[in-house]
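Only one structure is covered here, and it is reproduced in the block below.
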Amino acid sequence: MSSRTSQTLRAFYDAMYNALGPQHWWPAQTPTEVIIGAILTQNTAWRNVERAIDNLKRAKALDWKRLHELSLEELAELIRPAGTFNVKARRLKSFIQWFHDRFDLDLDRMFEMSVSSLREGLLEIPGIGRETADAILLYAGQKPSFVVDAYTARILYRHHLIDRSADYDEIKELFESNLPDDVKLFNEYHALLVDVGKKHCRPRARCEGCPLRRFEHDAERED
DNA sequence: GACCAGGCACATC
DNA sequence: GATGTGCATGGT
């Protein structure tokens, strides 16, 4: 745990955290909101997810039993502002059905499972991919499951910590095997990478002001 | 009007 | 197994 990679990953974290501070991702929200948000935010700006969640709140549908009762069409209409609403209504429904059948809509029961078997279970649900599964585990279940996304891959690639062919699980493993199993750390780390990625590590690089600028990198490297 | 956003499934090669 | 495409709203 004191390899060069571990030290680098820790140094990245410290640099980002010192520059940007805590990100407060899903701070005061209930696990229910987090799970729904994790599905709704797929390829979608967070602002639009909030609108959809507000609709659910106003319809008093932010509740697993009510969600289970809603028709696919009613659900789709409520989450419309989040975009791709027909797809996401199906995905929410497939999660709810699974959650109902396996855990009787009881979050505590679901999160009693081991991280690895719960992750496997979530990945069997159509509409829950690796990033969404990890976001549910980490941000709703407070489990130490590192969340990887496109920004994470691009930042690590440009800093020569991974090669172009690295896939999701490989990148996830890089973090998990080189950092302590710390939920708070994983939570902030992913959120910080997203912020840095958005501001500084888009396809057209703008490294000015980037907290990771002082580390060796190649800003022109496209993925 | 193009491009993007806290992805995923499915088709095709 | 790699690559391309549809899904769809709202902000810049």
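Rule-based calculations on the coordinates, nothing more; no lab input. Given the structure is predicted, the values throughout are model-derived calculations rather than measurements. Here Cβ is always computed from backbone atoms with ideal geometry, including for glycine, and neighbour counts include all displayed protein chains.
Suppose we filter A:94, A:71, A:3 for residues that are surrounded by fewer than 16 Cβ atoms within 10 Å (Cβ to Cβ), among the hydroxyl-bearing types (Ser, Thr, Tyr) and over 30 Å from residue A:178 (Cα atoms); which single one remains?
Numbers: A:94 fails: surrounded by fewer than 16 Cβ atoms within 10 Å (Cβ to Cβ); A:3 fails: over 30 Å from residue A:178 (Cα atoms).
It is A:71.
Looking only at helices (runs of 4 or more DSSP H) that fall completely inside the range A:52-115, which ones have 2 or more residues that are in contact (Cβ under 8 Å) with a residue 24 or more places away in the chain, within 16 Å of DNA strand C (Cβ to nearest atom) and within 19 Å of the chain's Cα centre (by Cα)? Working first, answer last.
Values: elements: A:64-69, A:72-78, A:85-103, A:107-111.
So the answer is A:85-103.
Check the range A:13-35 and report whether any residue there is more than 16 Å from DNA strand B (Cβ to nearest atom) and aromatic (Phe, Trp, Tyr). First the steps, then the outcome.
Step one: list which residues in the range A:13-35 are more than 16 Å from DNA strand B (Cβ to nearest atom), which gives A:13-15, A:17-19.
Checking which are aromatic (Phe, Trp, Tyr) leaves us with A:13, A:17.
Looking through the range A:13-35, at least one residue is more than 16 Å from DNA strand B (Cβ to nearest atom) and aromatic (Phe, Trp, Tyr).
Restricting attention to the range A:209-222, report how many residues are acidic (Asp, Glu) and surrounded by 13 or more Cβ atoms within 10 Å (Cβ to Cβ).
First, the residues of the range A:209-222 that are acidic (Asp, Glu): A:216, A:218, A:220, A:222.
Now drop any that are not surrounded by 13 or more Cβ atoms within 10 Å (Cβ to Cβ), which leaves none.
Result for the range A:209-222: 0.
If I filter the range A:6-49 down to residues being of a type in the set (D, E, K, R) and buried (at least 16 other Cβ atoms within 10 Å of the Cβ), which single residue comes out as nearest to residue A:182 (Cα to Cα)? Full working, then the answer.
Filtering the range A:6-49 down to residues of a type in the set (D, E, K, R) leaves A:10, A:14, A:33, A:47.
Narrowing further to those that are buried (at least 16 other Cβ atoms within 10 Å of the Cβ): A:10, A:33.
Numbers: A:10: 12, A:33: 22 Å.
Per the stated criteria, the residue is A:10.
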